[in-house]
Every structure is written in C-alpha cells, then in structure tokens.
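Below is one structure; the comments refer to it alone.
The values are calculated or read from the model by the stated rules, or taken from the named source; none is laboratory data. Computed from a predicted model, the values in this text were never measured in an experiment. Heads up, the Cβs are rebuilt from the backbone with ideal geometry, glycines too, and the neighbour counts pull from every protein chain shown.
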Amino acid sequence: MKANTIAFLTTSHLPFDDRIYYHMAKSLSKFYSLVIVATTQNIRESFENIEVVANDKSDSSKRDKIAYLLTVLKDYNPQIIICSEPLTIIAARKYKRSIGKRIRIIYDVTEWYPSKKNLDGKSILVKPFRFLKLLIFNIFASSFANGFIFGEYHKSLPYRFLYPFKKWVTISYYPDLSYINFKKATVNFKSFCLGFTGKINTEKGIKNVVEVAKCIKGKKPECEVKLKIVGWFGNKNDEISFNQLRNETSNIDIELIGKQDFIKFSEKLQDIDVFFDLRKIDFENNRCLPIKLFYYMACGRPVIYSNLKAIRREVDVSQFGYLVEPDDADIISDYVIHYMDCPEIFLRHGYRAREMAESIYNWHKIEPMFLNYIKLYQI
C-alpha cells in the first residue's frame, strides 16, 4: 500500500513539465499516490499511476484559479502538497485550513519571483510598485510553506535568509538520461551546425547567435554554416523581429522548428554540432542556472554560453565548451572555427560533456536525496 497522497500544484507550468512530471512525479509515483493539478491546459487523465487534472484558466482571475485548485485538492485529499508558485501556496493553505488536518506544504522554487516577465508591458513608473507588491505577496505566501526545494543556489538565498529554521534541499535540473536520444558526435568538414533552443527573442540571445553565424561564414566562406533553432516566439513582435533578422542573413541556412514535446526534444538536436546560449548578462540572468545546459551535456556536444555567475558556480564548462561575453561575435566565432580546424578538440569536448552527464549531472544521482527529503514530510 502506498503511503500518503502527494499533489503538485502549478499555475504557470504545463502538467507535463519536465521537472514536475518526468522527474519528480515519476520518482515519487513508485511510493506515493500522485496527482498533478494545473491551470494551464485542459486535460483529465491517468498516466502511469499519475493523475493529471488540468483546466486552462489562463484568462481567469487569481481568485478563480485558487478556487479551482481548492476543489481538486478536496477531491484527492493529499497529505503533501508541492507548490510551484506563490499563488498555489495560498490554495494549499486554504485547503489545509478547510479540512483541519496536518498537511505539509513544500515550495519548489525554480524561478525568481517577481521576475522580469512579471513586469513585462508595465510602464517604467508602474514597475517599481508592481515589483514591491509581488515581492510582498511572495514573502507572505512562502511563510506558509513547511519546507523548500530549490532548483539552484542563488534563488535559495532570500528564502534561507527569511526562514532559517525551515527544512530545505537543493534539487537541480539534471535530466534523466533515459529521455535523451544520445548520438555520438562526428566530424563533417563540409558543414557545421549551430544550435539554439528555447524562447526566440533578443533578450534570450538569438541576435547574438545569428551574428556569430554570420561572422563564421565571413571567416570561412567555403564552409556551409547552418543554424538550427528549436523554439517558439513569446509574442508577435518577437516573430517580426526574427523574420527581419532572417531576411538580412541570406548566406546562412537557418532552420526553424517549433516547440517540441519533452520526449521528442532531444531527437531534434542530434545533427547540431555546438549549442549556443548567448543571453544578455543582467542581474537576473546572471543568477539563473540554465536548465538546458545539462540537456546539451547529455547530448554529448560542446556548448558556448554567456559567462553567467550561476553557471560558474555549478559547472566547469571549460571541460566541454566556453563561457563568453555574449555580444563578442568575433571571439566566439574564433572558438567555433577552432573546433572546425581541430576536430580532436571538438570530439574531446563532446565526449567530456556526455561523460560528465553520466557521472555527475543526471537525475539518478540526485533522486535519492529528493526522495529522502519528501520522506521527512510523511504523516
């Protein structure tokens, strides 16, 4: 018999989010009854002993979202609730108070809150007040959590300062290698494929990557330079800007593939030679550990990333790639050309990336720590 029921609550992630469903829930489903409750999609089904209950309330008020989450919680009667956002903690607390039982609430912190995206579209005069309002709300909500799971070091600091006596654990974004379609890197002297994945906009560095591709082509005109993009546009303006950029880049073969399901994601990356993430280095980005870094490592390919503080603290990228100033296309292109001219370095970096993923940076290395932490909250 399985002990306890655990519910995951989210108002911003899809129910089949890689961290929630494919890693945490899959691991917990061996020992607990599981339900994932989301307000981002319409679905109600059971998959591999995990109940998924979701109702798209993207355009609904916070009050309506809380009411929906509360209704589902009462249907499933969980004893442990893992929350992905401050609003879900409020719903979990209401449920806890309504049934008058000992319920444990855990806050899984993977995003800054408030973050830049919470302030998008607001005027410069409104932004400070909105930031303060959301910050106070987050402090209020997180005070009701019994414990914390942190995805990375820097995002843990405010909560560890505010709640020094609450239990916490760091569970990073390492992938389960069984979901990675690994194909050993090979050398093609006639062409070279650069890769970019995720949201396609200037802030995430797409313009910097295109500039690097153009610079490589200028230095090695005999080589076919390809750019493969697997991602999506955040809004229409991002799409217009990208199309404009694409039209100005006629000598580069740019392939655009839309957002992929988690299971299919790594299949689309097998022909990429080097992965790029050249996002702007600002306060928030500098302290965000990119999830995709670990997936690129698992694919066994070199990476070229913005020189972020969060990455430097977690991983020695020099073993399998380079950390760079994101807008220095000249130097970055030289690194890529060095891979072309010295295939033994390219292959060594790819081998080392996969080796590190297998030996250190994979889900099964941290899964026991995650399961042991959840056991602390069994009732």
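Considering 43, 6, the condition of being over 22 Å from the mean Cα position of the chain (by Cα), surrounded by 20 or more Cβ atoms within 10 Å (Cβ to Cβ) and not small (Gly, Ala, Ser) is satisfied by 6 alone.
Scanning the range 116-148 for residues that are touching a residue at least 24 places away in the same chain (Cβ under 8 Å), touching a helix residue (DSSP H, G or I) at 6+ places or on another chain (Cβ under 7 Å) and not in a helix (DSSP H, G or I) yields 144, 145, 148.
The conditions of being more than 17 Å from residue 207 (Cα to Cα), in a loop (DSSP other than H, G, I, E, B) and of a type in the set (A, V, I, L, M) are met by residue 289.
Contact map, the range 212-232: first residue in a loop (DSSP other than H, G, I, E, B), second residue crowded, with 17+ Cβ neighbours inside 10 Å and among the aliphatic types (A, V, I, L, M), Cβ cut-off under 7 Å, separation 6 or more or different chains; pairs are 220/340; 223/340. Scanning the range 201-252 for residues that are among the β-branched types (Val, Ile, Thr) and loosely packed, with under 14 Cβ neighbours inside 10 Å turns up just one, 240.
Within the range 253-266, the residues that satisfy the criterion of being aliphatic (A, V, I, L, M), within 20 Å of residue 213 (Cα to Cα) and surrounded by fewer than 17 Cβ atoms within 10 Å (Cβ to Cβ) are 256, 257.
Is it fair to say residue 192 is in the same structural domain as residue 255 (by TED's automatic domain parsing), in contact with a Gly (Cβ under 8 Å, 6 or more places away or on another chain) and either more than 30 Å from residue 140 (Cβ to Cβ) or touching a residue at least 60 places away in the same chain (Cβ under 8 Å) (or both)? Criteria not met by residue 192.
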